Amino acid sequence: MTELEPLLRRLEQLTPAFGRAKDDLTALSTRARHQDYKGVLQNARLVVEMLLRSLVTTELKQTPGKAMLDELISKFRQQAHAGVIPTNILAHMGTVQAWGNLSSHDHAGGLHETGVKVGIEEAATSLNSLVAILTWYKERYVQEPVAPVPETPPVTTAATSPAPSAGTSKSRRTAFMAGGLLAVLLGGLGVLTLRSNPVPELRLRMDVISAENSEPVPPAACQEQDAAALTALLEVAPGLSDRIPEMSRAGKAAEVLETLRARGKAWRPEGWFHVARASLLAGHPDTAAMSAALECQGFAAAENLAGRMAALAQDWKESVAHYERAAALDANFWKPRFNLGLIHLQAQRAEQAVPLLEKAAELAPDVAEISLFLGHAYAARAGSAQAAGRDGEANTDRMRAKAAWCRARDRGAPQAGALCKP
């Protein structure tokens, strides 16, 4: 516990100032000392979420409702709220968010597969950022000075130490105050004291964003490898999120595209993938950027995006080829299976569409759109069975269609409501 103990002592000094977050801060320290590092990351995430909910209420004069941490951070990154939270503190919040998200999910398949491992280094990174966040918050909002860490004065003997003069005492007091200020500054700098290379942390945050968008991470050979490129991608990532309402996607993507293109051609395939994605969402597909992303073999997310771009151009053969490659590259990637299912459904090939959409629904059971179109596929197959005189199959598929539409309605697809009625 040597590496974490100074951070834990600093957090314990800060804890009394943080209201209802005190319980989680106390639990965090206890978990750290018992080497429950996953618990540390989860409690740190909860604390930051509480702080942001408070800031939404007091600074933005809004009701945070059920907004989660990623939504709250995105809110303060918006231009309208720029300056409420300093950029470096938002970056620290992103660090706590990324590690907290990672530790909250299993990420493995079978019960005997190895899950996510969280160690002392990950805990130290998150706690460094948390110290910086809490120090900033307390200095700005709590209106009381941050106490320096007590220091043990040097031991002297009467025989060898002359009595201090007034000038010497004043110098010592000044030095002690400077030392206390330095301790606070070092606590605020956080991660710089323990990790000089930011790339692994930035890489993890990019991987978390890929997971949030239900996409596999790029192969190592495709990835951006320097901090400047990764930082640029992280800054624009909220503008390309699948969570952005459809009516706002084109405008957000156009802003992102302008920012990404400002770096010129200094991208690796991962960067070009985001340029291509922004261009597609903005309504102006950049086929050159898409080709640059596909130069890296085994890039499943890029293959799926290329399938979407080809479908927009109504090149169905090319689209299917890209989707099939994406599905073959990653057995857990639901998007290309869903997209292939839609192509078959549109072409009135319900027999081919159903198993693809069933697999997509199995991989992403909470995505309402999959259940909606799976219901349509069952209904189409039922019609074919009825026309062929297979009444039993037709009735079974009609029941399946209704069940799928009801799931879609329950997961937030209002257009499925009428289809789900008895």
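The values are calculated or read from the model by the stated rules, or taken from the named source; none is laboratory data. All of these numbers come straight from a predicted model, not from anything done at the bench. With ideal geometry, Cβ positions are generated from the backbone for all residues, glycine too; neighbour counts draw on all protein chains shown.
One table, with the values for the structure above:
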read-out	value
Qualifying helices (runs of 4 or more DSSP H) (wholly inside segment 1-78; at least 1 residues being closer than 12 Å to Leu130 by Cβ)	5-14, 22-33, 37-58
The lone exception for Ala254 - which of (1) at pLDDT below 90; (2) farther than 30 Å from Ala331 by Cα it fails	(1)
Number of positions in segment 321-342 that are in a helix (DSSP H, G or I) and surrounded by 19 or more Cβ atoms within 10 Å (Cβ to Cβ)	15
Qualifying residue in segment 247-265 (condition: part of a loop (DSSP other than H, G, I, E, B) and within 17 Å of Leu305 (Cα to Cα))	no
Subset tally (residues that are of a type in the set (S, T, N, Q) and surrounded by 14 or more Cβ atoms within 10 Å (Cβ to Cβ)) for segment 309-320	1
Qualifying residue in segment 243-265 (condition: under 19 Å from Ala221 (Cα atoms) and either surrounded by 20 or more Cβ atoms within 10 Å (Cβ to Cβ) or out of contact with any Phe, Trp or Tyr (no Cβ under 6 Å at 6 or more places or on another chain) (or both))	yes
Residue among Arg9, Arg20 that alone is exposed (fewer than 14 other Cβ atoms within 10 Å of the Cβ), touching a residue at least 60 places away in the same chain (Cβ under 8 Å) and farther than 22 Å from Arg205 by Cα	Arg9
Residue satisfying all of: in segment 121-134; in contact with a Leu (Cβ under 9 Å, 6 or more places away or on another chain) and either not aliphatic (A, V, I, L, M) or not assigned by TED's automatic domain parsing to the domain that holds Thr30 (or both); farthest from Phe18 (Cα to Cα) among these	Glu121
Residues satisfying the stated conditions in segment 307-320, i.e. among the hydrophobic types (A, V, I, L, M, F, W, C), under 26 Å from Gln223 (Cβ atoms) and in contact (Cβ under 8 Å) with a residue 24 or more places away in the chain	Met309
Filter pass, Gln352 being surrounded by fewer than 21 Cβ atoms within 10 Å (Cβ to Cβ), closer than 25 Å to Glu324 by Cα and either out of contact with any His (no Cβ under 6 Å at 6 or more places or on another chain) or among the aliphatic types (A, V, I, L, M) (or both)	no
